1. Report the calculated FRET efficiency for V125 and K173 (r = Cβ-Cβ distance, R0 = 41 Å), to the nearest 0.05.
2. Apply the a/c threshold of 1.5 to the C-alpha gyration tensor of the range 96-139 and tell me whether it is rounded, prolate or oblate.
3. Heavy-atom accessible area of S36 with all protein chains present, probe 1.4 Å, nearest 10 Å²?
4. Over all alpha-carbon pairs of the range 42-163, lay out the pair-distance distribution in 10 Å bins, whole %, shortest bin first.
5. Could you give the length gained by full extension between N53 and A87, i.e. 0.36 nm per residue of separation minus their alpha carbon distance, to one decimal place?
Amino acid sequence: MVVFAVIEHTGERLNWYQSWQPSSLRKGKATPVDRSSLITNLIIEGAFLLWWNDVLTVQDWIPVVGGNLALADAWSPWFWPLNFIFALWFGVHAYVLFRDLWGRFTLSAEVILGAAAIIIAIRLVGSGELVLVSGELAEQLAPQLQLVARLIIFVAMGFTSWDMAIAARNMKK
């Protein structure tokens with residue numbers, strides 16, 4: 001800023017500045033940002049990462065009468081892949097939020113990360129037991145909690161597919 005003040009004070013002429021035209025900026029394909037969708041994604045991804053890494057616990061929020069609720073062993077092989085996917089998603093969405101435009105790279109990242117998450121979700125749904133319940137009502141609650149876990153995964157797959165379709169459509173523009 002000081003440099004520009006000195007240049008202005010001395011009256012120095014900058015030839016490159018006088019001949020510069022806004023039309024000389026390179027044109028690139030970019031899509032405007034839906035801030036509400038990005039902020040929602042950032043909140044969900046941040047909450048998931050905090051929960052997934054045991055920073056935020058929800059065990060106390062789920063009233064399983066006289067028992068305990070935990071993830072089944074089917075989730076174990078996906079700990080680091082899901083960390084990686086959600087951390088990258090969080091980074092891409094934060095970058096787009098501050099940059100205020102979806103570019104080809106960020107749209108491609110959205111599609112690739114979404115596809116990876118859907119593949120993992122399909123593998124999880126087909127793996128059998130998703131949650132473990134212990135306690136007094138374990139036998140009665142287990143089938144319903146398995147169904148709830150699968151429904152949550154299917155809903156997440158639906159939203160992810162929707163975001164991927166929008167990103168793919170915007171890549172073609």
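The values are calculated or read from the model by the stated rules, or taken from the named source; none is laboratory data. Here the structure is a predicted model, which is why all the values come from computation and not from measurement. Cβ coordinates were reconstructed from backbone atoms using ideal geometry, including for glycine residues, and neighbour counts include every protein chain displayed. Surface areas here come from the heavy atoms of the whole protein model, side chains and all, with no ligands, DNA or RNA. Shrake-Rupley method; radii C 1.70, N 1.55, O 1.52, S 1.80 Å.
1. Working: r = 33 Å, r/R0 = 0.81.
Efficiency, rounded to the nearest 0.05: 0.80.
2. Working: a/c = 9.05, a/b = 2.62, b/c = 3.45.
Oblate.
3. Number for this one is 80 Å².
4. Bin by bin from 0 Å, the calculated values are 12, 39, 32, 13, 4, 0.
5. On the way: separation 34, 0.36 × 34 = 12.24 nm, distance 1.15 nm.
Taking N53 through A87 to full extension adds about 11.1 nm, to one decimal.
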